Structure formats: C-alpha cells, structure tokens
1. Is the stretch 11-75 best put as rounded, prolate or oblate by its Cα gyration tensor, with a ≥ b ≥ c the root eigenvalues, rounded for a/c under 1.5, and otherwise prolate when a/b is larger than b/c, oblate when not?
2. How much length, in nm to one decimal, is gained on full extension between VAL71 and ILE84, taken as 0.36 nm per residue of separation minus their Cα-Cα distance?
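No value in this document is a laboratory result; all are computed from the given coordinates. In this text the structure is predicted, and so the values were computed from the model without any measurement.
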Amino acid sequence: MLTSLLPAGVDPLLALLLIGLSFVTSMITATFSLGGGLLMVAVLALVFPPAVVVPVHGAVQLGSNAGRAVVQRDHIQWHLIVWIRSARCLESSSADSSPTCCPSICSPSSSAASC
C-alpha cells in the first residue's frame, strides 16, 4: 500500500526512515528552537537530487509547522495575526493597485489608507 503513494524510484524503507527523521528533527527544533530543519535539509541532500531537496523540505516544513500550530493553537496570539495580515495587505496595496492578499480585511475597492 505504501508503495502506491510513493514516487517512482523511492524505496518504502527509505520513505519510512525519512518520515522518522522528520519526527526526530521536529523534536530537535521543539527542544532547542533551531537546528532540525538544517539537519533535515542535509539528509535530504544526501538522498535526493538538489532540484528535489527544496520542494520536499518545504512540504516537510509545512506539515511540521501546521502540526505544531494545531497542537499549540490555544497559545496563538490571534490579535497579532490581525496586525500582521493588515501590514501585509498594506504592503501589497502599495505594490499594486488591487490588494488581493486580505479579502476579509481589504476589499479590492478600498485604498491603502482605509485598509
């Protein structure tokens, strides 16, 4: 079953080892606040060609950070998220005339001043 989910040429044992490494590097990052992602990139660079390392690492980081956000969701300071999204919307509206990043905060018809 696992082999049907894997790309051609990826051994199931290698996939399981990389999944295990992902958990270990997540624990390293959670414990020391850094280093896990660097270790994961180093191991991925040993296993995959360079053109594959960055997208695979991005997917691993997305999953790891999303999982951490779900587990820690009670501690997210949502009022800061609103400020960050507002600043992003202002930045986007100054770059072009139609801000599209924050439709709930900025409508395309609003100006940067009223955003």
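1. Here the stretch 11-75 falls in the prolate category.
2. 2.5 nm
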